[in-house]
Amino acid sequence: MIEVKSTLQDFNSKLWRHHFVIPEAVTSQLTTHDNRRVFVKINDQLEIRSSLMPINGTESFVLINKAIKTKMGLSTGDEAVLVIRKDDSTYGMEMPEELQVLMDQEPACDALFHQLTPGKQRSLIYLVSKVKNPNSRLNKALAIVHHLKEVNGKLDFKMLNETIKHYNAIGKLSR
């Protein structure tokens, strides 16, 4: 774990906004060429999962979304104490039980999932984990498994969204 004081800054961009700059010495200690994932605890209150994104060849940054900024009562220019530790988990986030069970039952689909890039794996995991209702999480996981098999692992998010809508409609009918 490494403690860093950093000031909340704003990129003033439509894509990325609020972030904390992380010094090169910290970045080099916590990253490898294939893993930039970290846990960041802000002001000893809230811990988030993030990635140390390269900023200028030496430093990196941690993005802070609007919800976290608001929850923490932070404004641009505020200084915060960040405690950063390496995230050595397999996916950089927790695998939802519903998706894991289906992957365990479908070895071929599990292989297709693991052929995806780590970022695409995290995107699919996030799609399931962001849903609070267990039945809806299961429907979304079923849709993902179906889609991966249907497209032989060549992920198409537009097509996946249609499959998810279909599984959601089926789920509503069965209630």
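What number of residues within region 22-38 are surrounded by fewer than 16 Cβ atoms within 10 Å (Cβ to Cβ), at pLDDT 90 or above and not small (Gly, Ala, Ser)? Within region 22-38, residues that are surrounded by fewer than 16 Cβ atoms within 10 Å (Cβ to Cβ), at pLDDT 90 or above and not small (Gly, Ala, Ser) number 3.
Residue check: is Ser50 closer than 18 Å to Val38 by Cβ, without any contact (Cβ under 8 Å) to a residue 24 or more places away in the chain, of a type in the set (Ser, Thr, Tyr) and surrounded by 14 or more Cβ atoms within 10 Å (Cβ to Cβ)?
Details: closer than 18 Å to Val38 by Cβ: yes; without any contact (Cβ under 8 Å) to a residue 24 or more places away in the chain: yes; of a type in the set (Ser, Thr, Tyr): yes; surrounded by 14 or more Cβ atoms within 10 Å (Cβ to Cβ): yes.
So Ser50 passes the test.
Quick one: would you say Leu99 is in contact with a Leu (Cβ under 8 Å, 6 or more places away or on another chain) and either modelled with pLDDT of 90 or more or surrounded by 15 or more Cβ atoms within 10 Å (Cβ to Cβ) (or both)? In short, yes.
Applying the condition of being more than 22 Å from the chain's Cα centre (by Cα) and under 19 Å from Pro96 (Cβ atoms) to region 147-169 and asking which residue is surrounded by the most Cβ atoms within 10 Å (Cβ to Cβ) yields Tyr167.
The values are calculated or read from the model by the stated rules, or taken from the named source; none is laboratory data. On a predicted model such as this, the values are computed, not experimentally measured, just so you know. Glycine also receives a Cβ, built like all others from the backbone with ideal geometry; neighbour counts cover every protein chain displayed.
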